[in-house]
Amino acid sequence: MQRTYQFAMTARATLSPHELGQLTARARVRDFADGQFVQYQGDPGDEFWAVVEGHVAVGRFAADGGFTHFGVLGAGDLFGELAFFTGVPRQVDALASGPARLIAIDRPLLRQLMAADVGWAELLLRSLSRQLAATLDTIDAERRLSIRDRLLAMLRVMAKESAGGDRVAATQQQLADLLGVSRVTLGAALRILADAGEVERGYGHIRLLRPPGRNGFI
């Protein structure tokens, strides 16, 4: 169950009930209360996580305390693999969204799993390859598309995954953070879309006014 921009755009591998069973038979399941941190941005990537039950919100906290959501993960989802395999610090914060149960997969446990079933190696390679492909697509879009078109494409993905259907609950600063641009640049692109009748700006939300394919926008 993946929602919002970055994670919704990435076809990530999901554990099957059999694989979840292999995990729970070999490792302790950890319980997290609603709002409890699973990991912090900047932490070492000594392990990665599998969601057994519940949901985990992934994103980044800004200096002012605001949280930019990158995705919401559900049962069977993995996260933290990139930091684990590359040795770089964690790039995101993660916290339980409601009660959640997770398993931390460290190197000894991963070796046990792969020794018992080579499918684990294939699963992780597939997940990492898909994330790399999505990253390359994002880089290509940044080279080819204007900020306006990238913003509209992102808003459409976020609206599709939201309960509101045509609304995106996000501030301009959060949208700027997601696109990697300044708030001024984001505001200018948003004004262009509003003038073109593509969006309507509200307090803390953006409403899409046209379905995809009505004009030259993506």
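What follows is calculated from the coordinates using simple rules that are stated; it is not laboratory data. Values in this document were obtained by computation on a predicted structure and should not be read as measured data. Every residue, glycine among them, receives a Cβ derived from its backbone with ideal geometry; neighbour counts consider all protein chains shown.
With each label modelled as a point 7 angstrom along the Cα→C-beta vector, the Leu125-Phe85 pair spans 1.0 nm. Could you give the Stokes-Einstein D for the range 55-98 in µm² per second, using the C-alpha Kirkwood radius, 25 °C, 0.890 mPa s? Translational diffusion coefficient: 217 µm²/s.
Please compute the Kirkwood hydrodynamic radius of the range 53-157 from all pairs of different C-alpha atoms, in Å with one decimal. Evaluated over the range 53-157, this radius sits at 16.3 Å. Orientation-averaged projection of the range 8-111 equals 6.6 nm² [convex hull of Cα atoms, one quarter of hull surface area]. A P(r) calculated from all alpha carbon pairs of the range 146-201, with 5 Å bins opening at zero, reads 4, 21, 32, 29, 12, 2 percent.
Between the range 46-117 and the range 21-36, what's the alpha-carbon centroid distance in Å? Centre-to-centre (Cα) distance: 12 Å.
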